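A.B. asks: Mind looking over this structure? Questions follow.
The values are calculated or read from the model by the stated rules, or taken from the named source; none is laboratory data. If you're wondering where the values come from, they're calculated on a predicted model, not measured in any experiment. When we count neighbours, we look across all protein chains shown, and the Cβ atoms used for this are built from the backbone with ideal geometry, even at glycine.
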Ligand SMILES: NC(=O)c1ccc[n+]([C@@H]2O[C@H](COP(=O)([O-])OP(=O)(O)OC[C@H]3O[C@@H](n4cnc5c(N)ncnc54)[C@H](OP(=O)(O)O)[C@@H]3O)[C@@H](O)[C@H]2O)c1
């Protein structure tokens, strides 16, 4: 008999699966899109005990349930749309995902006598009165809380009906099924695949990881106001998972009559039934305090962050003031039905290293940065185009000319800039060539080759006119050249050797770095293998280029650090290292996808080498 985890691919689900794996407890899990960094999601959702189920499709749910229900005693339901803005914008989506799915699944489970554990939220309260008990009056102030409250009511209704039915049948030995609804505050985890920018508290780290704000000595960057008034009570997901595991095992024990968990008095603890609050009784800190704690751990400057009340937060132009109207003031969960002190909950400070150590590296020159083997300690991977040199307009102008000469229209420069940030231009060229060649493979390759040659000729003209180094990139290259014992650097470029030569003739300092990995290296290698490899390489030439650069030049350095300026490049480099510096041109008003990444943001290499070498003054 095992546990079913609906939404095993969620943040809570992944940590719960880890816990059950460690304890050899059998379970099945479901996922829908399995949205996570590619490398992990494939492995996680490919496991034999994982099933893809769309819970908004009742036929699909029914078929899955009917085929497997005999295996399950407990169902943990984690499927949800928890993005507050999405729920606020779209009430129908909130109902469909947060209410209807729970309603349908809990009805099926109740009928089969499967114990149901449903996760809910402290957002069912308005947060004006502290503390909030499970019996306190609810009053959600936004769609998300409203939908979660409705979901609680559906679970209760379905199980009340089932209990009534069960008591009628009790003479034939049918036991009453039970449910447990767990309300929690904001959650966070240290799982490597968890994304900081999707968590309302962890994304506060952006204030200090954005080096444009205050990392540079003498920087005149604007102050950022971060709320220092409202308290947050974050809960570490692994702590919650232990609670869920206890509830599930107690339920299974009570069904099977076997005891795996003993209470302190030596008897079986009572079966959990109804609504419970699970929380960290000690965590209580403002967003400003959270930001400062992260800065302190990461060794980053926090000078530019101002602890703010709502009034001066507005004055400092902090975002999120409006959306905070949707956040309850302080629900402060509390529960007297069980002793929370019987459960170990990690303090926020204790967990910070678990969450952020993957992004941290010692300062270059500090004793911890030297490698005992005498080898370099840092392997730096630099994207060339847009990260070390501004080449975007030169490339654009060259393609524009090629397309015009062929009587074809080409995208606008603003569309081009967005396109190359999120997609790969080679994919675009392949599509155009395939269209002209009416999908004839050989003709497509011929046209592609012609376009590349024509583009190279045009690039020879436009490169000297438009290519310049990015801000202080030349100083960064000189700085690297001065640290040969500590730094091993490679330039990775999604271009041919001819194009790279043209760029180097304009910015000769690039040659200070002798390790280069070009797309051509990739092509040469792949064309000597199989056609399949060549095809997949040309479909997305940048996809594996960092992996290739690593295999060519990595020499077991302790820290791998990537430098990129596009979202597509970031996705690629993030497979190699979590420590990424993301360049945004200081004149660029767009976010360049930076809101979807977990990286240090910079617009001037001076900020980078100062961050990499100096500890901020207030931490000294
Ligand atoms: N995170 C918090 O701070 C917090 C706080 C309080 C309460 N909670 C509650 O805790 C529970 C888990 O939250 P979480 O943050 O771990 O969730 P999450 O990471 O946002 O994951 C949501 C889950 O729902 C699944 N899902 C979405 N639409 C689906 C569909 N149509 N069919 C099947 N599955 C679908 C997703 O599957 P794919 O990813 O595979 O598409 C994913 O597994 C939720 O009930 C939430 O309301 C969370």
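A.B. asks: Is there a residue in region 60-77 that is within 28 Å of residue 238 (Cβ to Cβ) and near the ligand (Cβ under 10 Å from one of its atoms)?
C.D. replies: There is at least one residue in region 60-77 that is within 28 Å of residue 238 (Cβ to Cβ) and near the ligand (Cβ under 10 Å from one of its atoms).
A.B. asks: If we keep just the residues of region 90-129 that are more than 29 Å from the chain's Cα centre (by Cα) and within 13 Å of the ligand (Cβ to nearest atom), which is surrounded by the most Cβ atoms within 10 Å (Cβ to Cβ)?
C.D. replies: Going through the qualifying residues, I end up with 106.
A.B. asks: So if I check each of 398, 377, 412, which one is over 20 Å from residue 472 (Cβ atoms) and in the same structural domain as residue 577 (by TED's automatic domain parsing)?
C.D. replies: Every option except 377 fails the conditions.
A.B. asks: Evaluate the following for residue 48: is it assigned by TED's automatic domain parsing to the domain that holds residue 244, within 12 Å of the ligand (Cβ to nearest atom) and either surrounded by 14 or more Cβ atoms within 10 Å (Cβ to Cβ) or free of Cβ contacts under 8 Å to residues at least 40 places away in the same chain (or both)?
C.D. replies: Working: assigned by TED's automatic domain parsing to the domain that holds residue 244: yes; within 12 Å of the ligand (Cβ to nearest atom): no; either surrounded by 14 or more Cβ atoms within 10 Å (Cβ to Cβ) or free of Cβ contacts under 8 Å to residues at least 40 places away in the same chain (or both): yes.
So residue 48 fails the test.
A.B. asks: Okay, moving on. Residue 33 fails exactly one of the following numbered conditions: (1) surrounded by 15 or more Cβ atoms within 10 Å (Cβ to Cβ); (2) near the ligand (Cβ under 10 Å from one of its atoms). What is the number of that condition?
C.D. replies: (1)
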